[in-house]
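Structure first, then comments.
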Amino acid sequence: MSIKFDKPVDVIVIHHGSLIGIRPNTDHAETWIGEYVDPNAQWFGRQLMVEPRYAEDILNAMADDGLSFTGL
């Protein structure tokens, strides 16, 4: 029996209450964030931390560019 794994999810989204964590899970996601997110953005470890009002726009832009995500 062989197990087939799908491509990994590009981004993991974690709700922290007043902030949303957007954690890149692939090189593609890291590259996207490097190109489109302000270099002075707030990070907590490997998670980009944003207010919920900004998370939807960021995730929609990521999806438009073909990135997949899970969470929330």
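The values are calculated or read from the model by the stated rules, or taken from the named source; none is laboratory data. Please read these numbers as outputs of a predicted model, since none were measured by experiment. Here the Cβ positions follow ideal geometry from the backbone for every residue, glycine too, while neighbour counts run over all protein chains shown. SASA here: full protein model, heavy atoms, side chains in, ligands and nucleic acids out. Shrake-Rupley method; radii C 1.70, N 1.55, O 1.52, S 1.80 Å.
Within the stretch 31-51, which residues are open to solvent by 40 Å² or more (accessible area, probe 1.4 Å) and farther than 11 Å from Gly21 by Cβ?
Residues satisfying the conditions are Thr31, Gly34, Glu35, Tyr36, Asp38, Pro39, Asn40, Glu51.
Can you find even one residue in the stretch 17-27 that is under 13 Å from the mean Cα position of the chain (by Cα), exposed (fewer than 12 other Cβ atoms within 10 Å of the Cβ) and free of Cβ contacts under 8 Å to residues at least 24 places away in the same chain?
yes
When the residues of the stretch 1-16 are narrowed to those that are closer than 20 Å to Ala63 by Cα and open to solvent by 60 Å² or more (accessible area, probe 1.4 Å), which ends up modelled with the lowest pLDDT?
Checked the stretch 1-16; the qualifying residue modelled with the lowest pLDDT is Asp6.
Checking Gly66 against (1) open to solvent by 100 Å² or more (accessible area, probe 1.4 Å); (2) modelled with pLDDT of 95 or more; (3) in a loop (DSSP other than H, G, I, E, B), which test does it fail?
Failing condition for Gly66: (1).
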